[in-house]
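Undergrad: Got a structure for you, written out below as structure tokens; questions coming shortly.
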Amino acid sequence: MDGFFLTFGQGVCCIYHLLRWQFFLTDPLWQGAMLRACDALANRLESPEGVVMSDFHPAYQAFFAGRGYHACLHSLPPEEGEVETIADLYQIVRPDDAWTSHGYWRFRRDGAPVVERFAAGSAAT
């Protein structure tokens, strides 16, 4: 899995990839490939869940400030909270295709692999 960088913290691992966030959010082929990679890494790390977010999300910043998994996700501003689908992470803000991204998407709840959750209703835009 070339291009992945793992940083370990307090009971949490941050997995970063160089793929541009907009490509991930808008290209179904990239999205599927990256989610399969997330699933494989979660299995390898024996993680029951994970989150997908941009590297400018406040929880990402909290991780690098030394906070643990739950502390990173706790007390976020409402606009940065959990979204139901990956498509909800991409928001067009002007007709000229200016966009923004807020929130995070959680996967692997109840033992369902990320690829199954994605295919069950979190289709790409």
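Undergrad: Can you pull out the GluC sites (Glu not before Pro) in the stretch 38-108 whose DSSP state is coil and whose Cβ has at most 10 other Cβ atoms within 10 Å?
TA: Values: sites: GLU46, GLU49, GLU79, GLU80, GLU82, GLU84; in loops: GLU46, GLU49, GLU84.
Here the GluC sites (Glu not before Pro) that fit, given the DSSP loop and packing criteria, are GLU46.
Undergrad: Let me ask another. How much net charge surrounds ASP55 when only the other residues with a Cβ under 15 Å from the Cβ of ASP55 are counted, with Lys and Arg +1 and Asp and Glu -1?
TA: Combined, the nearby Lys, Arg, Asp and Glu give 0.
Undergrad: Also, quick follow-up: Principal axes first, then extents: for the Cα atoms of the chain, list largest minus smallest coordinate on each axis, whole Å, largest first.
TA: 42, 29, 29 Å, listed from the longest principal axis down.
Undergrad: For THR85, what residues show an amide H to amide H distance below 5 Å, using hydrogens built from the backbone and excluding near sequence neighbours?
TA: none
Undergrad: Going through the stretch 1-106, which trypsin sites (Lys or Arg not before Pro) have at most 12 other Cβ atoms within 10 Å and a DSSP loop state?
TA: Passing sites in the stretch 1-106 are ARG20.
Undergrad: Now for a different question. Give the relative contact order (percent, whole number) for the chain; include only Cα pairs under 8 Å separated by 6+ residues.
TA: Values: 161 pairs, mean separation 35.6, N = 125.
For the chain, the relative contact order is 28 percent.
Undergrad: Does the stretch 54-117 come out rounded, prolate or oblate by the C-alpha gyration tensor, with a ≥ b ≥ c the root eigenvalues, rounded set by a/c under 1.5 and, if not, prolate when a/b is larger than b/c and oblate if not? Let's see the in-between values first.
TA: Numbers: a/c = 2.43, a/b = 1.21, b/c = 2.01.
Because a/c hits 1.5 or more and a/b fails to exceed b/c, the stretch 54-117 counts as oblate.
Undergrad: To continue, here is another question. Below 12 angstrom from the Cβ of GLN91, what's the summed charge of the other residues (Lys, Arg +1; Asp, Glu -1)?
TA: Details: positive: ARG94; negative: GLU79, ASP88, ASP97.
Every neighbour counted, the sum reads -2.
Undergrad: Cβ under 14 Å from GLU80's Cβ, GLU80 left aside: what net charge do those residues give with Lys, Arg +1 and Asp, Glu -1?
TA: Combined, the nearby Lys, Arg, Asp and Glu give -3.
Every read-out reported here was derived from the displayed coordinates using simple, explicitly stated rules and does not represent laboratory data. Note that the coordinates shown come from a computational prediction; the quantities given were computed from them, not determined experimentally. A quick note on method: Cβ atoms are made from the backbone with ideal geometry, for glycine too, and the neighbour counts reach across all protein chains shown.
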